[in-house]
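Below is one structure; the comments refer to it alone.
The values are calculated or read from the model by the stated rules, or taken from the named source; none is laboratory data. None of these values were measured; they are calculated from a predicted model. No Cβ is skipped: glycine too gets one built from the backbone with ideal geometry, and neighbour counts run over all protein chains shown. The area values use the complete protein model at the heavy-atom level, side chains included, leaving out ligands, DNA and RNA. Shrake-Rupley method; radii C 1.70, N 1.55, O 1.52, S 1.80 Å.
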Amino acid sequence: MTSITLLATAPAAAQRFGGNDPVCLQTWEWGGSSTIACQYRSWEACRAGAASLSAMCLPNPYVQRPSEPSRRRPLR
């Protein structure tokens, strides 16, 4: 019960997504913390960066994609 109280009162760390590329690398560090760097343009490049690390690749949920042209039919 004490450990739950200690964990509940600890301040939450804000996670930052560094970069604006479509693929992110989440790396875990000793002690349970992690960092996310969104600096990869392809899954292959991210997997190469994750090799031999305690890490995984994931899509960047905040990437700014160019807007697509509207596909609506013109009004008559």
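In the set (1) at pLDDT 90 or above; (2) open to solvent by 50 Å² or more (accessible area, probe 1.4 Å), Ser42 fails one condition alone, (2).
Here the stretch 1-39 is the region considered, the condition is being open to solvent by 60 Å² or more (accessible area, probe 1.4 Å) and aliphatic (A, V, I, L, M), and the residue that is modelled with the lowest pLDDT is Leu6. Considering only residues in the stretch 45-69 that are assigned to a helix (DSSP H, G or I) and of a type in the set (A, V, I, L, M, F, W, C), the one that is least open to solvent (accessible area, probe 1.4 Å) turns out to be Cys46.
Taking every residue in the stretch 30-49 that is farther than 18 Å from Val63 by Cβ and pairing it with any residue that is open to solvent by 80 Å² or more (accessible area, probe 1.4 Å), at least 6 positions away or on another chain, the pairs with Cβ-Cβ distances below 6 Å are Ser34/Trp28.
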